[in-house]
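Presented below is the structure to which this report refers.
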Amino acid sequence: MNIHEYQAKAILDKFGVPTPKAEVASTAAEAKEIALRIGGRVVVKAQVHAGGRGKVGGVKLVNSPEEAEEVAASLLGTRLVTNQTGASGVPVEKVMIAETLDIKDELYISIVIDGVIGAPLVMASTEGGMDIEEVAESTPEKIFRVAGDPLIGLTTYHARDIALALGVPAKSVRATTKLITDLYNVFVENDCSLVEINPLVITEDDQVFALDAKINIEDDALFRHPDLAALRDPNQQDPLEQRADKADLAYVKLEGGRVGCMVNGAGLAMATMDITKAAGADPANFLDIGGSADQARIEEAFKIIIADDDVEIILVNLFAGIARSDIVAQGIVAAAKETNASVPMVVAMRGTNAEEGIKILADSGLNIIGAPDLAGAAEVLKAKLLELGESN
Amino acid sequence: MAILVGENTRLLVQGLGRDGSFQANRTREYGTNMVAAVHPGRDGQKFEDEVPYFSTVAKAVEETGANTGVIFVPAPFAMDAIIEQVDAGLELVVCITEGVPVLDMVKVMAYIKDKPTRLIGSNCPGVLSPASKAKVGIVPGNIVQPGNVGVVSRSGTLTYEAIAQLVQHGMGQSTCVGIGGDPVHGTTFTDVLELFQADDETEAIVLIGEIGGIREQLAADYIKEHVTKPVVAAIAGNSAPAGKRMGHAGAIITGKAALASEKNKALEAAGVHVVESPALIGAKMKEVLG
């Protein structure tokens, strides 16, 4: 789960990680008051769940409270389109007003889970402010890595090693070491999947601050963090993804696709997207209905797929183990009839109660073409796409 | 022979709620020797009037000689169940439960590192050896067929797809192993490849990977050095965009190595028969085995 920068800052504050003075505003008037309180030059930052906001005017340096008010007014209520959002962008409902610092050096630090080591991995680099994936690609030697111990955590000497590798001034080593240790605690105690500080700054007077913070909480651990679960901002999600979340469906909207996919199981769902692509069309979505979906959830899944205007044809691929084909078929038929959906469907159904499921679909009078298996579905889809012609 | 599970498997099932009970029944119908059921508060009762219930794994092992455990408890309790089974000395523990917090699995892996127990999962479909009717997990018994192809996969239903394709082309399986889709998991591709390479009954191997992580690359390295049996591989997620999690916690493109194309490249360089579409696994294996 993604959270906003101002929420991440609050978590960092709680764990003793130094951050610039900052407050969040929902109105331009509030922004002005905050800027006045902080004093001097401040930065106004749009609070959205997407990177790349700086490049599209989502982060602005201002010289007065009046200017802060003006910038806040121009951002609030708009939608920000960055290289990480879809074409419709994400809404700016809050802005953060933060003090500016006299920066001497910009560094990078992040923590993720390393699956192979089986522990949280701290990655640090002197190339702060840059796109870290690019750094990793072109100059991997500039990234310093240290894994924490699953049972002990990150020892102080490890944190000091990182501070030294970052080449911070002698006067800042102790504070940087503490900051890294505290960040590690943030990661572990909040069940994070990502803590990223880019940049971590050293000021002219050798103080250390987390200037920007990105924190993701692991969805599977939210059950034990009700306080963090409450930070969810559904408005930042694609509306269809938001609807899928509520129905407990794993759904990802894919930009520009025309084939809606309904599948059970994540691996098979990806394989189904792949054969769609091989058949000459882009998938409109990833959708895993899960193992034990009841009819209501199947109906909602179908409705979410056809609510996507880009969808011209639906590919259903079911290999039922725990799931039951007849229930899936009933769900599809009920939802298609309720919504008067006329999109053609290519359906492969195997496993538990497949025969019953296929019969329900065949008897429904809907526009359905059966396919025997994955390869067969690809062929049928290809023929059907030719029939539909070019995407409109 | 087969690997991991066979005629000597004495199965203990932990967590007999709705899904656990359903799967325990399918397992028994298939012919697997289920000797114990563990569910707190049901001591003295019997599952389906036949299999004794116990409140603790230790007691169940002591009374029944169970050597293999399968876990269906809800995610918040999965770490505890795994550790309880490891402490009771089970040889093989299979955790089917989906949605176990990653940091719980981090602790589990550190805890079991020097213990003799082998863990498969979490978030996996489990293991099935058709010839000995040994099913530990949720792979449907009616789709498999005894034979000589070993199957190892990160995905559940895509494993079933591969099995169906093998059967369609007249090839049975020695053992099917679903290692699971979580970023931190017990038994890895490499572990299973080592077992298949040493197994007399396995003539060829199907490996099914997906986007995310670098496990397929590690498998490729291992195959290059140690595996002489033919391997057919498919990687799901060629069409997946970067940065979006595709259902499995581990299935997310976070850098170049996580791409399907990079994994395909590494496997091809190791001499693996990589199919461009997951629909071609069966046909390719048929071609390889002649």
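Here is a yes/no grid of residues against (1) in a strand (DSSP E or B); (2) out of contact with any Cys (no Cβ under 8 Å at 6 or more places or on another chain); (3) touching a residue at least 40 places away in the same chain (Cβ under 8 Å):
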| position | (1), (2), (3) |
| --- | --- |
| B:Ile143 | no, yes, no |
| B:Thr159 | no, no, yes |
| B:Gly170 | no, yes, yes |
| B:Val177 | yes, yes, yes |
| B:Thr187 | no, yes, yes |
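Mind listing whichever residues of segment A:144-178 are away from every other protein chain (no Cβ under 14 Å) and either among the polar types (S, T, N, Q) or not in a helix (DSSP H, G or I) (or both)? Let's see the steps before the verdict.
The first filter runs over segment A:144-178 and keeps only residues away from every other protein chain (no Cβ under 14 Å), leaving A:144, A:146, A:155-178.
Selection gives A:Phe144, A:Val146, A:Thr155, A:Thr156, A:Leu166, A:Gly167, A:Val168, A:Pro169, A:Ser172, A:Thr176, A:Thr177.
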B:Leu207 fails exactly one of the following numbered conditions: (1) within 25 Å of B:Val167 (Cβ to Cβ); (2) touching a Lys or Arg at 6+ places or on another chain (Cβ under 8 Å). What is the number of that condition? (2)
Just name the residue that is nearest to the chain's Cα centre (by Cα) out of those in segment B:220-244 that are buried (at least 20 other Cβ atoms within 10 Å of the Cβ), within 12 Å of another protein chain (Cβ to nearest Cβ) and outside any strand (DSSP E or B). B:Gly237
Looking at (1) buried (at least 20 other Cβ atoms within 10 Å of the Cβ); (2) touching a strand residue (DSSP E or B) at 6+ places or on another chain (Cβ under 6 Å), can you tell me which one B:Ala88 breaks? (2)
Looking only at segment A:102-148, count every residue that is closer than 18 Å to B:Ile214 by Cα, of a type in the set (D, E, K, R) and either surrounded by fewer than 17 Cβ atoms within 10 Å (Cβ to Cβ) or more than 22 Å from the chain's Cα centre (by Cα) (or both) and tell me the total. 3
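Is it the case that segment A:203-223 has a residue that's assigned to a strand (DSSP E or B) and over 29 Å from the mean Cα position of the chain (by Cα)?
Pass one, segment A:203-223, residues assigned to a strand (DSSP E or B): A:203, A:208-210, A:214-217.
Adding the requirement that they be over 29 Å from the mean Cα position of the chain (by Cα) leaves A:203.
The answer is yes; a qualifying residue exists.
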Return the residues of segment B:261-277 that are surrounded by 19 or more Cβ atoms within 10 Å (Cβ to Cβ) and assigned to a helix (DSSP H, G or I); say none if nothing qualifies. B:Lys263, B:Asn264, B:Ala266, B:Leu267
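Out of B:Ala249, B:Ala236, report the one residue that is over 25 Å from B:Val106 (Cα atoms), touching a residue at least 12 places away in the same chain (Cβ under 8 Å), of a type in the set (Gly, Ala, Ser) and assigned by TED's automatic domain parsing to the domain that holds B:Thr159. Spell out how you get there, then give the answer.
Details: B:Ala249 fails: over 25 Å from B:Val106 (Cα atoms).
None of the others qualify; the one that does is B:Ala236.
Can you find a residue in segment B:43-57 that is assigned to a helix (DSSP H, G or I), outside the structural domain of B:Phe196 (by TED's automatic domain parsing) and more than 19 Å from the chain's Cα centre (by Cα)?
Narrowing segment B:43-57 to residues assigned to a helix (DSSP H, G or I): B:57.
After this cut, where a residue has to be outside the structural domain of B:Phe196 (by TED's automatic domain parsing) as well, the list is B:57.
Retained after the next criterion (residues that are more than 19 Å from the chain's Cα centre (by Cα)): B:57.
Yes, that holds for at least one residue.
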Report yes if B:Arg26 is within 14 Å of chain A (Cβ to nearest Cβ), closer than 14 Å to B:Lys135 by Cβ and crowded, with 17+ Cβ neighbours inside 10 Å, otherwise no. yes
Odd one out for B:Asp191, checked against (1) more than 14 Å from chain A (Cβ to nearest Cβ); (2) of a type in the set (Asp, Glu); (3) under 23 Å from B:Ile112 (Cα atoms): (1)
Would segment B:84-92 turn up any residue that is within 14 Å of another protein chain (Cβ to nearest Cβ) and either over 23 Å from A:Arg350 (Cα atoms) or touching a Cys at 6+ places or on another chain (Cβ under 7 Å) (or both)? no
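Before we move on, is A:Ala230 surrounded by fewer than 21 Cβ atoms within 10 Å (Cβ to Cβ) and at pLDDT 95 or above? It would help to see each step written out before you state the result.
On the way: surrounded by fewer than 21 Cβ atoms within 10 Å (Cβ to Cβ): yes; at pLDDT 95 or above: yes.
Spelling it out, A:Ala230 is indeed surrounded by fewer than 21 Cβ atoms within 10 Å (Cβ to Cβ) and at pLDDT 95 or above.
Which residues, taken from segment B:134-147, are closer than 20 Å to B:Met34 by Cα, in contact with a helix residue (DSSP H, G or I) (Cβ under 6 Å, 6 or more places away or on another chain) and either more than 14 Å from chain A (Cβ to nearest Cβ) or of a type in the set (Gly, Ala, Ser) (or both)?
Our first condition is that a residue be closer than 20 Å to B:Met34 by Cα; within segment B:134-147, this holds for B:134-142, B:144.
Filter once more, keeping what is in contact with a helix residue (DSSP H, G or I) (Cβ under 6 Å, 6 or more places away or on another chain): B:135, B:138, B:141, B:144.
Within segment B:134-147, B:Gly141 is the sole residue that qualifies.
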Please give the number of the condition A:Glu106 fails out of (1) free of Cβ contacts under 8 Å to residues at least 60 places away in the same chain; (2) assigned by TED's automatic domain parsing to the domain that holds A:Val168. (1)
Please list, ordered by first then second residue, the pairs with beta carbon atoms under 6 Å, 6 or more apart or interchain, first in segment A:307-322 and more than 14 Å from every other protein chain (Cβ to nearest Cβ), second assigned to a loop (DSSP other than H, G, I, E, B) and small (Gly, Ala, Ser). A:Asp308/A:Ala284; A:Asp310/A:Ala284; A:Val311/A:Ala284
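If a residue must be part of a helix (DSSP H, G or I) and loosely packed, with under 15 Cβ neighbours inside 10 Å, how many such residues does segment A:361-379 contain?
So the first thing to find is which residues in segment A:361-379 are part of a helix (DSSP H, G or I), and the list is A:361-362, A:374-379.
Retained after the next criterion (residues that are loosely packed, with under 15 Cβ neighbours inside 10 Å): A:362, A:376.
Within segment A:361-379, residues that are part of a helix (DSSP H, G or I) and loosely packed, with under 15 Cβ neighbours inside 10 Å number 2.
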The condition of being surrounded by fewer than 23 Cβ atoms within 10 Å (Cβ to Cβ) and at positive phi holds, among A:Asp206, A:Asp219, only for A:Asp206
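The values are calculated or read from the model by the stated rules, or taken from the named source; none is laboratory data. Values in this document were obtained by computation on a predicted structure and should not be read as measured data. We place every Cβ from the backbone using ideal geometry, glycine too, and count neighbours over all the protein chains shown.
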